[in-house]
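Below is one structure, written out as structure tokens; the observations come after it.
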Amino acid sequence: MASAFHTIGLYGKHNDENVSQTLADLSIHLKKRGLQVFRGQSGSGWDSDDSIDLAIVVGGDGTMLHAARELTRHDIPLVGVNLGRLGFLTDIAADDMYPEIDRILEGEFNTEARIMLDLNVVHQDKSIHSGTALNDVVVSKGELARLLEFQTYIDGEFVTSSRGDGVIVATPTGSTAYALSAGGPILHPTIPALTLVPICPHTLSNRPIVLNSDSTITFEIDTVDGEHESAHVSVDGHTKYALTGHERVEVKRAKRTLRLVRPLGHNHYDVLRSKLGWGSEKRPGRC
């Protein structure tokens, strides 16, 4: 059967022996199917090639987050192979890698469009830092002993002044990550929405909010006294940028999206049950 894809990019942490061996074995398998294989190398960011029409990412969800930030700028669809526990993004188990990848190559797959976020930090009307996230943008007090103080605006309209450990803006993909541990809701990954989740707010009535994905969320950071270098903003828990006070942090939906390839039969709720320890389905005839 003809392949639905022709040039495959392989990505993973090359300094991990298990990942490197899996990538090497997978490369051999794909070449036997007559496919072109591009081995992405990691430097300041993963490289790419214009001919790639599918990227296979080997590792865990952290590796997939990194791949999404790097490769979606080239509009390459991604599929993930997990070498450890079942992941929310890398849902193909290593033991099932070859048959599942073959099914995808033969056209037996679905594609999900996942929202991403653009971060822009502004000081005195000048952009001083930017980034892109698949899971979340987090404004945090970091190592500060005192609470972080900031004002929140949505589409230019004032919402509230807050004191707490910080705030999370999460995509539906990120709703099962840090935002979930902070008390945020779980969103289905294809819903066009964002969540605004406070981290340990000083005011107990400050609760998570679900927003339209087209919303622009702005935080105005008050002066951070003392060891101000510890307050920061981060994307996907990875890159951190220090906040010294009086910055404006702007978060909005990115123009680019992640195209996530899933094998036919993938069930989001199966993953939730497995990862979160939810109860199994009762069989007919049992109460």
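The values are calculated or read from the model by the stated rules, or taken from the named source; none is laboratory data. Everything numeric here is computed off the predicted structure, so don't read it as measured data. FYI the Cβ positions are ideal-geometry reconstructions off the backbone, even for glycines, and counts take in every protein chain you see.
General remarks:
- The set of residues in region 109-146 that are of a type outside the set (V, I, T) and farther than 30 Å from L260 by Cα comprises H123, Q124, D125, K126, S127, K141, G142, E143, L144, A145, R146.
- Taking residues in region 13-33 that are over 13 Å from M97 (Cα atoms) and outside any helix (DSSP H, G or I), and partners anywhere that are small (G, A, S) and at pLDDT below 95, the pairs with Cβ atoms closer than 6 Å and at least 6 places apart or on different chains are K13/G59; H14/S20.
- Looking across region 64-76 at every residue that is more than 10 Å from the chain's Cα centre (by Cα) and surrounded by 20 or more Cβ atoms within 10 Å (Cβ to Cβ), the one that is nearest to T239 (Cα to Cα) is identified as E70.
- Residue within region 219-234 that is in contact (Cβ under 8 Å) with a residue 60 or more places away in the chain, in contact with a Ser or Thr (Cβ under 9 Å, 6 or more places away or on another chain) and closer than 25 Å to N82 by Cβ present: yes
- Restricted to strands (runs of 3 or more DSSP E) entirely inside region 166-250, those with at least 1 residues that are modelled with pLDDT of 95 or more are 193-201, 209-212, 216-221, 232-235.
- Entry remark, region 138-170: residues being touching a helix residue (DSSP H, G or I) at 6+ places or on another chain (Cβ under 9 Å), among the β-branched types (V, I, T) and farther than 13 Å from N206 by Cβ number 2 in total.
- Taken as a whole, region 151-171 holds at least one residue that is on the phi < 0 side of the Ramachandran plot and touching a Gly at 6+ places or on another chain (Cβ under 8 Å).
- The condition of being modelled with pLDDT of 90 or more and not aliphatic (A, V, I, L, M) holds for only one of S27, S51, S44, that being S27.
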